[in-house]
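Chemist: Dropping a structure here in structure tokens format, bear with me for questions.
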Amino acid sequence: MRTILLPLSTTIIILVIIVYVTNINMSYNPVYGHASPVTYEPAPNEVFDNLLSSQQPLPDKIVIDFTESPEIRASSIKVVNSNNERIDNNDLTVSDSPKSLSVSVDKSKIIPDVYTVSWAVLSKDDGHITKGSYVFTVAPDGNNKSNQSHSPQLVENTTLGYSHNITVVTDNIDLKFDIIPFKIGQNTFNISVLYTNGTVVENIRDIFLEFNNPSKNLGPIVETMDKIDLGKYSITGSFLSQEGTWDIKITVQRIGEYDINQQLEVDIED
Ligand SMILES: [Cu+2]
């Protein structure tokens, strides 16, 4: 019987190759986040001054960068006004570096209004489809409300708007949710979270709102609320961007306990 003896140097090289290949295999275990948006232009919830007085030019295109390369034949960006009329030029282009999608906007169709950008992407890298929506606003002249979204405050007037109380029996928690003024366009959304005995829930990490309008194919628009006080959260924005029935999903993420998920439907009239 013959034994094959390799020179030591060859053995070492082979070992190195084996270790290297094994490492590649081990490290080539990417955490697929699908094609998730990284940056948006214009930015979500951006408020533009109207036309003439503008120091801030109105957007002439929408560009969204993703974590993975979009497959153009199965991806889309659509921009609609509050009447669900399309204002982009349906001229989707794709780039692989950065991994982005863009469409141009017909600026002649931009008037003071709320605009919803809806995107869908098939990832070339892992074949998964992701989708989402976000809004931007063109404010009437001299009425730029962009500051409001950066200085959240609890609106106490609950005689107007929409208000809904939910008791989460399994957790002995009361959620109070309201929307003021409750119309198409900019609203303030408030949530207070208390135990049913009145004490504050202190282990909240974050509260998310997710908006979907299935009949208009808008959403999900996902927003993280701002903490105002212990158990009190608020956010202002034009997430209810068109009339119709909106599903609003509330997720209360807690430290050391399961998330609380609640879903409600609201009807927004023109
Ligand atoms: Cu994926």
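The values are calculated or read from the model by the stated rules, or taken from the named source; none is laboratory data. Note that this is a predicted model, so its numbers are computed, not measured. We place every Cβ from the backbone using ideal geometry, glycine too, and count neighbours over all the protein chains shown. Surface areas here come from the heavy atoms of the whole protein model, side chains and all, with no ligands, DNA or RNA. Shrake-Rupley method; radii C 1.70, N 1.55, O 1.52, S 1.80 Å.
Chemist: Let me check something: with ligands and nucleic acids excluded, how do 201, 38 order by accessible area (1.4 Å probe), largest to smallest?
Modeler: The most accessible residue leads, giving 38, 201.
Chemist: Fully extended, how many nm does the chain gain between residue 266 and residue 205 (0.36 nm per residue separation, minus their Cα-Cα distance)?
Modeler: 19.4 nm
Chemist: Excluding residues on the same chain fewer than 8 positions from residue 232, give the aspartates and glutamates whose Cα lies under 20 Å from its Cα.
Modeler: 156, 171, 174, 178, 202, 206, 210, 223, 257, 259
Chemist: Sticking with this structure for a sec: If you count only protein heavy atoms and use a 1.4 Å probe, how large is the accessible surface of residue 164, to the nearest 10 Å²?
Modeler: Ignoring ligands and nucleic acids, residue 164 comes out at about 70 Å².
Chemist: Please give the charge dipole size of the range 37-142, origin at the Cα centre, charges +1 on K and R Cβ atoms and -1 on D and E Cβ atoms. Round to the nearest 20 debye.
Modeler: For the range 37-142, the charge dipole is close to 220 debye.
Chemist: Compare 208, 48 by solvent-accessible area with a 1.4 Å probe and give them largest first, with all protein chains kept in place.
Modeler: 208, 48
Chemist: Could you work out how much longer the chain between residue 56 and residue 36 gets when fully extended? Use 0.36 nm per residue separation minus the Cα distance between them, nm to one decimal.
Modeler: Residue separation times 0.36 nm, minus the Cα-Cα distance, leaves 4.4 nm.
Chemist: Continuing with the same structure: When all protein chains stay in place, what accessible area (Å², nearest 10, 1.4 Å probe) is found for residue 66?
Modeler: 10
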